[in-house]
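> What follows is a single structure, and I will ask about it in a moment.
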Amino acid sequence: MYQPYLRGKQFELIGIRELIPNVLFPNKENVSPIIEPVKDSSTLKNTLKALVDNDINFTIIANPQVGTFTDIDTIFNVIKSSVGDKRNYQVGIIFHSRSNHVKVIEVLQKYADIVPALTIIHNLAIDNITDILSLYQNFKIKYNVINLSATSKRYHRNFDENTRVELDDYFNAQAKNSDYLLVDESSFSEEHLYYKEEGFIGFSDYLSIGEEYSETGFLPYAVAIHLSYADVTTKKIRVKHFVSNSNDDQSDIAGKFAEALDKLIDWCDETGYNSIAIPIFREYHQNGHFPGLGTLKKLSLMNHIDLVLKLI
């Protein structure tokens, strides 16, 4: 099972929603998105409603660690207003260094009628984790999502093997977009090939976006389009970086996009690569249209999820 980890920014949520008819719904036995909401928005509510209406399992995190959506009662009210009487989802709880488990459990009990099961995201290794989990014994823990870079090599052995999901950030981020001109492409992961052998029932990543979170955007000097693909021979996932050339200032973002898009289309023509996102890129290329930087991230996300689900 693949559990893509998304921050609930507008274009990421729209991307998930647009994937429902042709990608998520046909593969709903193999996918369960994890959403860490960062803002109270109609887009978040509409996305949760679309997922439950299509019976697509997901996790909505109740104690996000990034963004401005920090009031847990408000988050539960969003869940309640979005899911109706549907219960094919989990409430996610992030375990971190400041976790107040007594308070979290009090809130879970308060909203127990809309907590069908839990997903625990382990963002640190806890010596007495068995004792901590026993505090949550009144709730079914469906998934233990283990952040590999924040725990230890064998930490997953603390959890029921039928609940283990691995999480890591495989995106090779550069300091600035123009740096990708020197990289061209980078390795991503091979977890879809080996996660079962390593004792997990699922795997999770931060897509071709990366774990680093930024609250606000800014005009870049360079435009970079990140496109995941699978190596034909090894089946490992790699990421191509298509970058603009006129990167001396922040002017003409549309022109920079056109330069990066030319490279993407040439590569797709050369390799025959296709995904749910490529026809949309081709339409922008044909029409000379710049859809905005948020849409680029959305299409990168859609391409990545489509690719992973095809691979598994």
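> Quick check on region 163-189: of everything there that is surrounded by fewer than 16 Cβ atoms within 10 Å (Cβ to Cβ) and touching a Lys or Arg at 6+ places or on another chain (Cβ under 8 Å), which residue is farthest from residue 238 (Cα to Cα)?
Of everything passing the filter in region 163-189, 184 is farthest from residue 238 (Cα to Cα).
> Since residue 195 meets every condition but one in (1) within 18 Å of the chain's Cα centre (by Cα); (2) closer than 23 Å to residue 16 by Cα, which condition does it not meet?
With (1) within 18 Å of the chain's Cα centre (by Cα); (2) closer than 23 Å to residue 16 by Cα applied to residue 195, the lone miss is (2).
> Just a yes or no: is a residue in region 207-218 modelled with pLDDT of 90 or more and not basic (Lys, Arg)? Steps first, please.
Just the residues of region 207-218 that are modelled with pLDDT of 90 or more, to begin with: 207.
Now drop any that are not not basic (Lys, Arg), which leaves 207.
Yes, because at least one residue in region 207-218 is modelled with pLDDT of 90 or more and not basic (Lys, Arg).
> While we're on this one: Among (1) in contact with a Lys or Arg (Cβ under 8 Å, 6 or more places away or on another chain); (2) in contact (Cβ under 8 Å) with a residue 60 or more places away in the chain; (3) more than 21 Å from residue 40 (Cα to Cα), there is one condition residue 67 misses while meeting the rest; what is its number?
(3)
> Could I ask something else about it? Of the residues 156, 192, only one is touching a residue at least 60 places away in the same chain (Cβ under 8 Å), in a helix (DSSP H, G or I) and in contact with a Lys or Arg (Cβ under 9 Å, 6 or more places away or on another chain); which?
On the way: 156 fails: touching a residue at least 60 places away in the same chain (Cβ under 8 Å).
None of the others qualify; the one that does is 192.
> Related question: Which is surrounded by fewer than 23 Cβ atoms within 10 Å (Cβ to Cβ) and β-branched (Val, Ile, Thr), of 16, 20?
Working: 16 fails: surrounded by fewer than 23 Cβ atoms within 10 Å (Cβ to Cβ).
It is 20.
> Given region 28-141, what helices (runs of 4 or more DSSP H) lie entirely inside it while holding 2 or more residues that are closer than 17 Å to residue 163 by Cβ and at pLDDT below 95?
On the way: elements: 42-53, 72-83, 101-110, 129-134.
Correct list: 129-134.
> Report those helices (runs of 4 or more DSSP H) wholly inside region 250-311 carrying at least 3 residues which are surrounded by fewer than 17 Cβ atoms within 10 Å (Cβ to Cβ) and of a type in the set (Asp, Glu).
Details: elements: 253-271, 278-287, 293-311.
Once the helices (runs of 4 or more DSSP H) in region 250-311 are filtered for at least 3 residues that are surrounded by fewer than 17 Cβ atoms within 10 Å (Cβ to Cβ) and of a type in the set (Asp, Glu), what remains is 253-271.
> Within region 264-304, track down each residue that is within 23 Å of residue 26 (Cα to Cα), without any contact (Cβ under 8 Å) to a residue 60 or more places away in the chain and among the polar types (S, T, N, Q).
Selection gives 274, 275.
The values are calculated or read from the model by the stated rules, or taken from the named source; none is laboratory data. None of these values were measured; they are calculated from a predicted model. Glycine also receives a Cβ, built like all others from the backbone with ideal geometry; neighbour counts cover every protein chain displayed.
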